[in-house]
Amino acid sequence: MGHCFCSSGKSTSLFPGRNNKNDWTGRSRGRAFTNAYKGNGGEKTLRMSSLFAPTLKENPQEAEIVSHSFMLRAGMIRQLSSGIYAFLPLGLRTISKITKIIKEEMDRAGGQELLLPALHPGELWKETGRWEVYGPELIRLKDRKDRDFCLGPTHEEVITDLARREIRSYRQLPLLLYQIQTKFRDEIRPRFGVMRAREFIMKDLYSFDRDFEGLEISYQKMYNAYCRIFDRCDLSYEVVPAESGVIGGAVSHEFLVLADSGEEKLLICPTCNFSTTQDEERCPHCGTDLEEKRGIEVGHIFQLGTKYSEPMKAYFVDRDGEEKPLIMGCYGIGIGRTMAAAIEAYHDDKGIQWPLSIAPYEVAIIPINWKNAKQREVAEEIYQESQEKGFEVVVDDREFSAGYKFSEADLIGFPLQVIVGEKMSQEGKIEVKVRKNDQRWEAKKEELFTLLFKLKEELASKA
RNA sequence: CGGGGCGUAGCGCAGCCUGGUUAGCGCGCUUGACUCGGGUUCAAGAGGUCGGCCGUUCAAAUCGGCUCGCCCCGACCA
């Protein structure tokens, strides 16, 4: 199908000479929006007839866990090769939502965003010894002059190189620099879609302090920021002291979203808030038997100390005139993984139940029968008004059966669905469905937005 | 890398064991009609180097060898 039946007849278009197809974005309509969209989430509104979201009715054979399956089925991602994925428009919107939350919290904590290269000279990695240590997971290549390069799996070397060139004095500290960027790791076994990919989007922040007291403070700031981020994504998580692996350093914590499909095993004390990834039977604090759960590692923070600054000679001059190595920390969040974790946490057999804060769109308007003039008209009006009131909204303007539209809306997981059907024609009532609990509400058109604001607020405040 | 599985139309699968005309089915897609509150119904149609290469054979999707790709279990990680 895919016809664009626009609101013909009532010519509100600014372009009377052209046909009404020009009103498809809602923006070109020329109405002044009171709520200009701030952020990087793309257009606020969309007609489903033009949405590129190739949905699948059946479960793709390669998908073993729900998040992978639903991301494919909802048309959010497509695989290019093992562990390498394209994010399609809907998927990218959620990625952008998560990214936006992360940026806001990094900025709030005093971070400054930058963008480092993904292509790294091999020499830098040889300086720290990780050219050897990282092993085959490091994707290596050579330039035309046969010089060694690699695709960055993480950025300690590159940021430390920048720091040693530019940081001279304690007066420049503390410094928190972060980026959101694609990382490359030739994983032994890519798995579960974007959960463990070879190319993936990560937020990585690096802290530079003059001493370990400063590092403690930076570390605590990040710890708190991470809590805020995962809270805002509506995820329930555990923070667990962890091994620091190849990244190195002394102190480290993992942020795990609880999910049965998680790759990480963790033990939680049901009485106090102790949790660990180590094998223990009883809580060392209160002696209670620990419960075994599984989690998805979505974030990891490390106190690096001088692990990189020392070998790379990243020194600054302290207040006392002495040259000292920068004290560093690094802090990562897997963005695609966070998205997958949210789906693992919020879904039913029909599809995704996005938390409002990271849903690709907040509201789907579903006229049962697009050929019904009355329904179409009302849907258009609601669509228009939704835009003006600042909702991120799609309207399903396709001539598909009601069942098809409902199924697809549930699969994609729009948190709120506004259904315009027979009740509209008969009693003037519009139905609103809350995706996550299947609650149904009814409202006359005049009261619809009061209801929508109320429901949106409830969904937003629900942590 | 060790172990297991898979590769046939866009997706999900059958056919292979026991080789034999034109390679099937469901969904999706195109066209027309029907229907319009939970992936609606009917009709017509388009769409395939059977992952690739080599071999066996009169004959290969089917048998053998090699190879490539993908998925799952283990060690690694955001």
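Observations on the structure shown:
Yes or no, residue by residue, for (1) open to solvent by 20 Å² or more (accessible area, probe 1.4 Å); (2) of a type outside the set (Gly, Ala, Ser); (3) in contact with a helix residue (DSSP H, G or I) (Cβ under 7 Å, 6 or more places away or on another chain):
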residue	(1), (2), (3)
A:TYR331	no, yes, yes
A:ILE365	no, yes, yes
A:ALA373	yes, no, no
A:GLU388	yes, yes, no
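- Residue match in the range A:213-220 (condition: surrounded by fewer than 22 Cβ atoms within 10 Å (Cβ to Cβ), among the hydrophobic types (A, V, I, L, M, F, W, C) and touching a residue at least 60 places away in the same chain (Cβ under 8 Å)): no
- The residue that is farthest from A:ASP186 (Cα to Cα), counting only those in the range A:134-167 that are aliphatic (A, V, I, L, M) and in a loop (DSSP other than H, G, I, E, B), is A:ILE167.
- As a summary of the residue check, A:THR288 satisfies the conditions (1) within 25 Å of A:MET328 (Cα to Cα); (2) over 22 Å from the mean Cα position of the chain (by Cα) except for the one numbered (1).
- Number of the exception - A:GLY329 against (1) within 13 Å of RNA strand B (Cβ to nearest atom); (2) part of a helix (DSSP H, G or I); (3) under 30 Å from A:GLN303 (Cβ atoms): (2)
- The residue that is surrounded by the fewest Cβ atoms within 10 Å (Cβ to Cβ), counting only those in the range A:103-131 that are of a type in the set (Asp, Glu) and touching a helix residue (DSSP H, G or I) at 6+ places or on another chain (Cβ under 8 Å), is A:GLU113.
- Number of the condition not met by A:PRO117 [criteria: (1) away from RNA strand B (no atom under 16 Å from the Cβ); (2) part of a helix (DSSP H, G or I); (3) not aromatic (Phe, Trp, Tyr)]: (2)
- With respect to the stated conditions, A:GLN181 is under 16 Å from the mean Cα position of the chain (by Cα), more than 7 Å from RNA strand B (Cβ to nearest atom) and assigned by TED's automatic domain parsing to the domain that holds A:MET339.
- Criterion violated by A:ARG319 - all others in (1) part of a strand (DSSP E or B); (2) basic (Lys, Arg); (3) touching a helix residue (DSSP H, G or I) at 6+ places or on another chain (Cβ under 9 Å) satisfied: (1)
- Check on A:PRO311, open to solvent by 40 Å² or more (accessible area, probe 1.4 Å), in a loop (DSSP other than H, G, I, E, B) and in contact with a strand residue (DSSP E or B) (Cβ under 9 Å, 6 or more places away or on another chain): no
- Conditions (1) buried (at least 18 other Cβ atoms within 10 Å of the Cβ); (2) more than 9 Å from RNA strand B (Cβ to nearest atom); (3) not aliphatic (A, V, I, L, M): number failed by A:PRO190: (2)
- Restricting the range A:267-303 to residues that are open to solvent by 40 Å² or more (accessible area, probe 1.4 Å) and not in a loop (DSSP other than H, G, I, E, B), the residue that is nearest to RNA strand B (Cβ to nearest atom): A:GLU297
- Positions within the range A:251-266 being of a type in the set (A, V, I, L, M, F, W, C) and open to solvent by 20 Å² or more (accessible area, probe 1.4 Å), in sequence order: A:VAL251, A:LEU258
- In the set A:SER244, A:SER261, A:SER275, only one residue is hydroxyl-bearing (Ser, Thr, Tyr), in contact with a Leu (Cβ under 8 Å, 6 or more places away or on another chain) and either within 30 Å of A:TYR170 (Cβ to Cβ) or at pLDDT below 95 (or both); that residue is A:SER275.
The values are calculated or read from the model by the stated rules, or taken from the named source; none is laboratory data. Since we're looking at a predicted model, the values are computed, not measured. Virtual Cβ from ideal backbone geometry, glycine too; neighbours counted across all protein chains shown. These accessible areas exclude ligands, DNA and RNA; they are computed on the full protein's heavy atoms, side chains included. Shrake-Rupley method; radii C 1.70, N 1.55, O 1.52, S 1.80 Å.
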